[in-house]
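The values are calculated or read from the model by the stated rules, or taken from the named source; none is laboratory data. What you are looking at is a predicted structure, and each value in this text was computed from that prediction instead of being measured. Cβ placement follows ideal geometry from the backbone for every residue including glycine, while neighbour counts extend to all protein chains displayed. Areas reflect the complete protein model, heavy atoms only, side chains present, ligands, DNA and RNA absent. Shrake-Rupley method; radii C 1.70, N 1.55, O 1.52, S 1.80 Å.
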Amino acid sequence: MSPTLEAPGRTPRKPALDRNTAKRLMTTEYQRVLDQLGSLSREQWRADTCNLGWDVRELAAHMLGMVAMASSLREQMRQTRAAKKRGGEFIDALTAVQVDAYDGWSPEQIVAEYERLAPKAVRFRTRMPGLMRTRPMPSPQPINPPQEYETWTFGYLVDVILTRDQWMHRTDIAAATGHEMTLTREHDGAIVDDVAHEWAQRHGRPVRLALTGTLERLQVFGPTAHASPDDHPSYTLDAVEFCRMLSGRGSGHGLLQTRVPF
């Protein structure tokens with residue numbers, strides 16, 4: 001089956017978050033990852049994850065690779081060249097390059113390098129010039145590969161996706177190790193809200209969404225917001241599992257089959 005792209009002329013996806021909120025979320029998320037990785041036991045670092053057969057150490061190596069890529073233009077170009085040379089689906093090649101770069105690194109080395117690079121990544125991401133932020137990325141990005149791709153602005157990548165990627169992998173590590181994930185309404189709730197609103201925008205249907213757990217909230221989207229719940233689809237599920245489902249980590253029904261990129 002050939003890939004499906006967005007309709008010709010569709011505006012490249014932009015971030016819905018304002019830049020101050022985006023900076024706050026990326027800064028906090030990097031620290032949450034550091035706190036999580038620093039609290040894991042040796043045994044937990046060897047736990048298998050849901051990601052491409054990686055254990056936690058290999059997943060953390062990918063996460064570190066993304067931070068490194070976000071910390072300088074030179075490293076971004078180096079990783080991009082290496083991934084293109086490797087061939088195949090770009091994102092798969094890129095993550096393989098990142099994991100290989102830290103092959104043999106100990107957990108302590110990975111944490112120390114992550115801590116060193118995270119502030120640089122925040123600076124590099126937040127200092128991207130406005131003109132560059134509005135430009136579309138040169139290649140369509142995968143939503144549900146190998147069938148669905150769409151065009152993003154660079155602003156959407158640096159303000160949204162690079163934070164969501166770290167957050168989603170933090171949920172992967174929590175799921176793999178059984179180590180409880182730190183969740184707060186101010187930080188994680190803001191990420192989940194952004195995901196939920198984008199999900200509603202993507203499917204464009206009236207829907208009632210009740211999220212449970214630490215990030216509990218009720219949201220109703222669409223023109224029938226004041227109608228009876230029987231008049232439109234209604235879903236109730238844990239907030240983290242909702243996001244994991246939209247990322248492809250699980251199967252949903254109805255509108256929950258609408259994918260949101262992380």
Which of the residues that make up the range 217-239 are modelled with pLDDT under 95 and not in a strand (DSSP E or B)? G222, P223, T224, A225, H226, A227, S228, P229, D230, D231, H232, P233
The range 148-169, residues that are assigned to a helix (DSSP H, G or I) and over 23 Å from D18 (Cβ atoms): H169
What's the total number of residues in the range 125-142 that are part of a strand (DSSP E or B) and under 15 Å from D92 (Cβ atoms)? 2
So which residues in the range 69-124 are under 15 Å from W54 (Cα atoms), open to solvent by 40 Å² or more (accessible area, probe 1.4 Å) and either in a helix (DSSP H, G or I) or of a type outside the set (D, E) (or both), if there are any at all? D92, D100, A101, G104, W105
Selection from the range 101-129 of residues that are within 22 Å of L17 (Cβ to Cβ) and of a type in the set (F, W, Y): F124
Filter the range 38-65 down to the residues that are open to solvent by less than 30 Å² (accessible area, probe 1.4 Å), assigned to a helix (DSSP H, G or I) and either of a type in the set (S, T, Y) or under 24 Å from G250 (Cβ atoms) (or both) and list them by number. V56, L59, A60, H62, M63
Sort out which residues of the range 129-154 are of a type outside the set (A, V, I, L, M) and more than 29 Å from G250 (Cα to Cα), and write them in order of number. P129, G130, R133, T134, R135, P136, P138
